[in-house]
Amino acid sequence: MSVGTLYIKNTFRKIAPLAVAKELGLDINVQEPDAKFAELFPVKKIPAFVSADGFAVHELFAVTVYLASLKESTLLGSTKEDYASVLKWASFANQDVWQAIRSALFPITGRSPYNKKAVDAGIAEAETYANVLEQYLTKHTYLVGERVTAADFVVVSVLARGFDSIWAADFIKSHPALTRYFSTLIKQDTLAEYYTEFKFREEPIKYTPPKKEEKPKAAPKAAPAAKKEAPAADETPKEKKEVHPLSLLPKSEFVLDEWKRVYSNEETRETALPWFWSHYKPEEWSLWKVAYKYNDELTLTFMSNNLVGGFFNRLSASTKYMFGCAVVAGENNDNGIVGAFLVRGQDFAPAFDVAPDWESYDYTKLDITKPEDKTFVEDIWSWDKPVEIDGKLKEVADGKVLK
């Protein structure tokens, strides 16, 4: 019999409570927030859990600790001192470590205004907290006692956000105990399914400012032709402009600029979409669903739309090779971002990896021979129907077009 319902979304905050449930073999219903969730949890914070007899609790380590208490185990330690230590480490990770990582990561990826001083301070603060863990783990295998506890599940899920963004090769070299701890835990049966494709970074994620449009300069007056002089022997030649990998592909029969004009000037469903499907060349181009990974961290819809705008600005180097729309669907404090993109070639990465925050999104290739995939593209590009966000249909609140 189910002990209750766990409400989660597809973010790192789901990992600790799900790991506890798996470790203890708890029979729980796992689902996305719904109307019942909104009724029980008016602040709409996840993860959240409601037991079979109606007890409701939310916040990451509160839910994790409650689930860990439902069966006899050592997940909360063996003594009252162990229990206090579990709470200490879980709180430390959720409040201090994550907030420091977040204060650096969000400005770098465009999810909040960029300020180098604030980013550097966030990186330094995150490393200070990492040093605390490094010193402790030099002498301990786990955070509490000699076996894995709920604290380890919370801490590892937070550390993953650091290791996949601001912590790279130099950090790994200087934090061998922390790296060993993280590498060991993510290979254990309880956690392995969430980190099957995890790779440590060689370089930390970097901020790339959006390109500013340059005003055309007035043409200079013609000057008398002068004899060209040979460059001085010690003159350093100018670096060649980096070539975009998609520019090396053969010329396409599908003219992207013509499609962009049709989309901008014609009715979308009546004219633009039929034009697109009649001219689309799937052997030359591909279509992709692009879904934001961290919808549970979004708040106001206009801020989510600003996040999309920042992402699009940082894709400016690829606009000659792609087109797409991304929409914000839902309402304040309950919304998500999803888009449909046309990309030159059959791989999404060369088009998207010009943006430093491209890894904040999941990419799924679409097959227009499947009616549901074709409909998805049409709905995203039309903005006139509800779209699915984290398994739920939500009305489109806002969006942007990359063209």
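The values are calculated or read from the model by the stated rules, or taken from the named source; none is laboratory data. In this text, all values refer to a predicted model and were calculated from it rather than measured experimentally. Here the Cβ positions follow ideal geometry from the backbone for every residue, glycine too, while neighbour counts run over all protein chains shown. Protein only, heavy atoms only, side chains kept; ligands, DNA and RNA dropped before computing areas. Shrake-Rupley method; radii C 1.70, N 1.55, O 1.52, S 1.80 Å.
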When every residue in region 177-199 that is open to solvent by less than 30 Å² (accessible area, probe 1.4 Å) and touching a residue at least 60 places away in the same chain (Cβ under 8 Å) is compared, the one farthest from ARG13 (Cα to Cα) is THR190
Just one of the numbered conditions (1) open to solvent by 50 Å² or more (accessible area, probe 1.4 Å); (2) modelled with pLDDT under 90 is not true of PHE12; which one? (1)
Out of everything in region 376-403 that is closer than 19 Å to GLY310 by Cα and among the small types (Gly, Ala, Ser), what residue ends up being farthest from the chain's Cα centre (by Cα)? ALA397
Determine whether region 116-138 contains at least one residue that is at pLDDT below 95, within 20 Å of ARG314 (Cα to Cα) and open to solvent by 50 Å² or more (accessible area, probe 1.4 Å). yes
Unmet requirement for SER382, which otherwise passes all of (1) in contact with a strand residue (DSSP E or B) (Cβ under 8 Å, 6 or more places away or on another chain); (2) closer than 19 Å to PHE276 by Cβ: (1)
Mind checking which pairs have a first residue in region 137-155 that is more than 17 Å from ALA68 (Cβ to Cβ) and a second that is at pLDDT 95 or above, Cβ under 7 Å, 6 or more apart or different chains? LEU137/ALA177; LEU137/LEU178; LEU137/TYR181; THR138/ALA177
Could you look through region 61-85, keep only residues that are under 24 Å from VAL30 (Cα atoms) and hydroxyl-bearing (Ser, Thr, Tyr), and pick out the one that is least open to solvent (accessible area, probe 1.4 Å)? THR64
The lone condition ALA21 fails out of (1) touching a residue at least 40 places away in the same chain (Cβ under 8 Å); (2) within 24 Å of the chain's Cα centre (by Cα); (3) surrounded by 15 or more Cβ atoms within 10 Å (Cβ to Cβ) is (2)
Would you be able to tell me the number of residues in region 375-393 that are open to solvent by 70 Å² or more (accessible area, probe 1.4 Å), closer than 17 Å to THR268 by Cα and either among the acidic types (Asp, Glu) or not in a loop (DSSP other than H, G, I, E, B) (or both)? 1
Please go through region 45-95 and pick out each residue that is among the hydroxyl-bearing types (Ser, Thr, Tyr) and within 27 Å of ALA130 (Cβ to Cβ). THR64, THR74, TYR83, SER85, SER91
Return the pairs, sorted by first residue and then second, in which the second residue is surrounded by fewer than 16 Cβ atoms within 10 Å (Cβ to Cβ), the first residue lies in region 56-81 and is closer than 13 Å to THR149 by Cα, the beta carbons are less than 6 Å apart, and the residues are 6+ apart or on different chains. THR74/ARG147
